[in-house]
1. Considering only residues that are of a type in the set (Ser, Thr, Tyr) and touching a residue at least 60 places away in the same chain (Cβ under 8 Å), which ones fall in region 1-32?
2. Condition first: in contact with an Asp or Glu (Cβ under 7 Å, 6 or more places away or on another chain) and assigned to a strand (DSSP E or B). Now tell me which residues in region 1-13 satisfy that.
3. If you go through region 1-23, how many residues are among the β-branched types (Val, Ile, Thr) and surrounded by fewer than 13 Cβ atoms within 10 Å (Cβ to Cβ)?
4. Scan region 24-70 for residues that are under 16 Å from the mean Cα position of the chain (by Cα), of a type in the set (D, E, K, R), surrounded by fewer than 14 Cβ atoms within 10 Å (Cβ to Cβ) and part of a strand (DSSP E or B) and report the count.
5. Give region 4-33 a look and list any residue that's aliphatic (A, V, I, L, M) and under 14 Å from residue 44 (Cβ atoms), or say none.
Amino acid sequence: MEITGKIIQVLSKQTGQGKNGTWEKQEYILEVPGTYPKKVCFNLWGDKIAKFAVQEGQDLTVSIDVESREYNGRWYTDVKAWNIQAAGSSPASAPSAGSFETQAPAAGDISASGSEADDDLPF
């Protein structure tokens, strides 16, 4: 799953000892734009913290995995990032970072909102 937004807060790095040695985790708050902006807290583990070097104010597209687990009768949800790119840098995304304008379809394009789309349907 991918989410795109702006980093509004970088939380403190957490470290600890586990059965496999020392671990480190850093959490970030991403604000997803829209009529009612949403905030998503995601985290990076280990060497990915330095690899992506996320900073406050960046517009990013974050690839995440969402996982929930039960502990003592309560459920906890984790949003782990596994890839991060500057918003708009992926080949499938045409608008530049920070641009959320809709573009009019080119002539001949099939659009669900246009009357031409209804004429082009095979059924």
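A short reminder: the numbers here are calculations on the coordinates, not readings from a lab. What you are looking at is a predicted structure, and each value in this text was computed from that prediction instead of being measured. All Cβ positions, even for glycine, are placed from backbone atoms using ideal geometry, and neighbour counts span all protein chains on display.
1. 4
2. Within region 1-13, 5, 6, 7, 8, 9, 10 qualify.
3. Of the residues in region 1-23, 2 are among the β-branched types (Val, Ile, Thr) and surrounded by fewer than 13 Cβ atoms within 10 Å (Cβ to Cβ).
4. So the count comes out to 4.
5. 7, 10, 11, 29, 30
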